[in-house]
1. Condition first: in contact (Cβ under 8 Å) with a residue 60 or more places away in the chain, in the same structural domain as Ile31 (by TED's automatic domain parsing) and in contact with a strand residue (DSSP E or B) (Cβ under 8 Å, 6 or more places away or on another chain). Can you find one or more residues in the range 74-92 that meet it?
2. Filter the range 202-249 down to residues that are of a type in the set (Asp, Glu) and touching a residue at least 40 places away in the same chain (Cβ under 8 Å) and give me whichever is surrounded by the most Cβ atoms within 10 Å (Cβ to Cβ).
3. State whether one or more residues within the range 35-52 are surrounded by fewer than 24 Cβ atoms within 10 Å (Cβ to Cβ) and under 25 Å from Thr281 (Cβ atoms).
4. Which pairs have Cβ atoms under 6 Å, sit 6 or more apart or on different chains, and link a residue in the range 250-261 that is free of Cβ contacts under 8 Å to residues at least 24 places away in the same chain to one that is of a type in the set (Ser, Thr, Tyr) and crowded, with 16+ Cβ neighbours inside 10 Å?
5. Within the range 76-98, is there a residue that is closer than 23 Å to Arg185 by Cα and surrounded by 20 or more Cβ atoms within 10 Å (Cβ to Cβ)?
6. Has the range 112-125 got at least one residue that is in contact with a Cys (Cβ under 9 Å, 6 or more places away or on another chain) and assigned by TED's automatic domain parsing to the domain that holds Met23?
7. Give the residues of the range 102-145 that are part of a loop (DSSP other than H, G, I, E, B), more than 28 Å from the chain's Cα centre (by Cα) and on the phi < 0 side of the Ramachandran plot, sorted by residue number.
8. So, of the residues in the range 260-279 that are β-branched (Val, Ile, Thr) and over 10 Å from the mean Cα position of the chain (by Cα), which turns out to be farthest from Thr482 (Cα to Cα)?
Amino acid sequence: MADKLIIFDTTLRDGEQSPGASMTRDEKIRIARQLERLRVDVIEAGFAASSNGDFESIRAIAGIVKDSTVCSLARANDRDIARAAEALKGANSSRIHTFIATSPLHMEKKLRMTPDQVLEQARLAVRYARQFTDNIEFSPEDGSRSDLDFLCRVLEAVISEGATTINVADTVGYGVPELYGQLVRTLRERVPNSDKAVWSVHCHNDLGMAVANSLAGVKLGGARQIECTINGLGERAGNTALEEVVMALKTRKDYFGLELGIDTTQIVPASKLVSQITGFTVQPNKAVVGANAFAHASGIHQDGVLKARDTYEIMRAEDVGWTANKIVLGKLSGRNAFKQRLQELGIEMESESDVNAAFARFKELADQKAEIFDEDILAIVSNEAQAERGEHFYFVSLSQRSETGERPHARVVFTAEDAEHVGEAEGNGPVDATLNAIESQVSSGAELLLYSVNAITTGTQSQGEVTVRLSKAGRIVNGVGTDPDIVAASAKAYLSALNKLFSKAEKLNPQLTP
């Protein structure tokens, strides 16, 4: 293990704790398949005890994923651990990840337990998990703010009970790279049986240092696992971004000297898939996966890159998957070519009728725009999945009128439980009028927290991708809609958010995290 770094992806668990980022079972499966193509070592598929939906998602992923270890989070109690074990039964390789808070603040204010009680519960939790698997990870929640002597006692005890991975959690993003690296190193030096476990780092980005802290934990502390998410997705300011730590380790292998099993050409496809499913768009200047990550506006930079790429580029765009998103299909493409492209994108349809429905939508889109990109196909599949789920609200049609000096007017037709509804309203603009028209029939009472528009591909023919975030009674959800018409995409996104807001199947995000 000395020169191999384990990549532990928690997009489906910690990433999902972003307000509004809850995913359906099918969406989680799609992301898990992409993570397997990315060749991450461990996929934390969810928190089995948090809801029946999460339990079923983990069980489905455990039965599908073959090349990565599938993991479930569990609090340090028998019920959570047994639930995790049950969900992971069908996995080729599984891991139970259990945790309990160890900082004085968390023990006193949250757990209302003494340090001795926490120590005993941690020890018994790992002992109980050993009945189900020999691959057990233990995390001291808020580890970066814990008393060092007490932390050493807890970690020595859980390793003695059989924990095989020890994760030093910087739960609130309090760490500073040099100090966090020293903490990991000190723990490894002071815990007598530290050599019996793989040491891991899990950092949050509250101060913008999650990636730096994680790399310090590896280089200075000797950790050999990094916990991260696609696009740095996660609650508050997010988690360590997988794409950034992976490319830092690859690009600066001369400094880190570590091997990775990651297929970096799958990074951009993974980023786009997670962004589309969760509704969390990637900022243009985001490292590695942002639209501007390999763009050069400065004349001096452009001249240098034309003469020799490495004058201003330390990575090749194609190495992280940008060239994989090429134009592949058009108006004259047939069903077999479309089906082949679905397979290349890792999209598995439930039945031939599902393929036919998606192909019909593809043909409709091809009549509207000359060139169909991979991102367009992903959007088509996402829309078809929504229709297939038989959701409560479903978009039918839209007409709207907007003229300078006149108040915009919209008429929206949608179904609710198979009954057709027609809403008409005015607004400050065409989008406002459209959403008002829907609300005139729904009267949801939800608060609009976010409205965001993103072009799926380049050019004026691009489909628009709209994200809408709604809040009601403490519930926050994202809805995503795509269409060449931005106003229609807005209506679809709003209805998608309403579906999640009023769905009994959707769970509240569990705010329980190492």
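The values are calculated or read from the model by the stated rules, or taken from the named source; none is laboratory data. It should be emphasised that the depicted structure is a prediction, and the values quoted were computed from it without experimental measurement. Cβ placement follows ideal geometry from the backbone for every residue including glycine, while neighbour counts extend to all protein chains displayed.
1. Here is the first cut: in the range 74-92, the residues in contact (Cβ under 8 Å) with a residue 60 or more places away in the chain are 75.
Next cut, in the same structural domain as Ile31 (by TED's automatic domain parsing) only: 75.
If we keep only those that are in contact with a strand residue (DSSP E or B) (Cβ under 8 Å, 6 or more places away or on another chain) too, we end up with 75.
Yes, some residue in the range 74-92 is in contact (Cβ under 8 Å) with a residue 60 or more places away in the chain, in the same structural domain as Ile31 (by TED's automatic domain parsing) and in contact with a strand residue (DSSP E or B) (Cβ under 8 Å, 6 or more places away or on another chain).
2. Applying the first criterion (of a type in the set (Asp, Glu)) to the range 202-249 yields 206, 227, 235, 243-244.
Subset that is touching a residue at least 40 places away in the same chain (Cβ under 8 Å): 227, 235, 243-244.
Values: Glu227: 31, Glu235: 17, Glu243: 29, Glu244: 22.
Filtering the range 202-249 for residues that are of a type in the set (Asp, Glu) and touching a residue at least 40 places away in the same chain (Cβ under 8 Å), the one surrounded by the most Cβ atoms within 10 Å (Cβ to Cβ) comes out as Glu227.
3. Yes, some residue in the range 35-52 is surrounded by fewer than 24 Cβ atoms within 10 Å (Cβ to Cβ) and under 25 Å from Thr281 (Cβ atoms).
4. none
5. Looking for residues that are closer than 23 Å to Arg185 by Cα and surrounded by 20 or more Cβ atoms within 10 Å (Cβ to Cβ), one finds at least one in the range 76-98, hence yes.
6. If we filter the range 112-125 for residues that are in contact with a Cys (Cβ under 9 Å, 6 or more places away or on another chain), which is where we start, we get none.
No, the range 112-125 has no match at all.
7. At the first step, the residues of the range 102-145 found to be part of a loop (DSSP other than H, G, I, E, B) are 102-103, 112-114, 130-135, 142.
With more than 28 Å from the chain's Cα centre (by Cα) added as a condition, the list becomes 112-114, 130-131.
Once the filter is applied, which keeps residues that are part of a loop (DSSP other than H, G, I, E, B), more than 28 Å from the chain's Cα centre (by Cα) and on the phi < 0 side of the Ramachandran plot, the range 102-145 yields Met113, Thr114, Arg130, Gln131.
8. Within the range 260-279, the first condition is being β-branched (Val, Ile, Thr), and the residues that meet it are 262, 264-265, 267-268, 274, 277-278.
Remaining after also requiring over 10 Å from the mean Cα position of the chain (by Cα): 262, 264-265, 267-268.
Details: Ile262: 31, Thr264: 28, Thr265: 26, Ile267: 23, Val268: 20 Å.
In this case the residue turns out to be Ile262.
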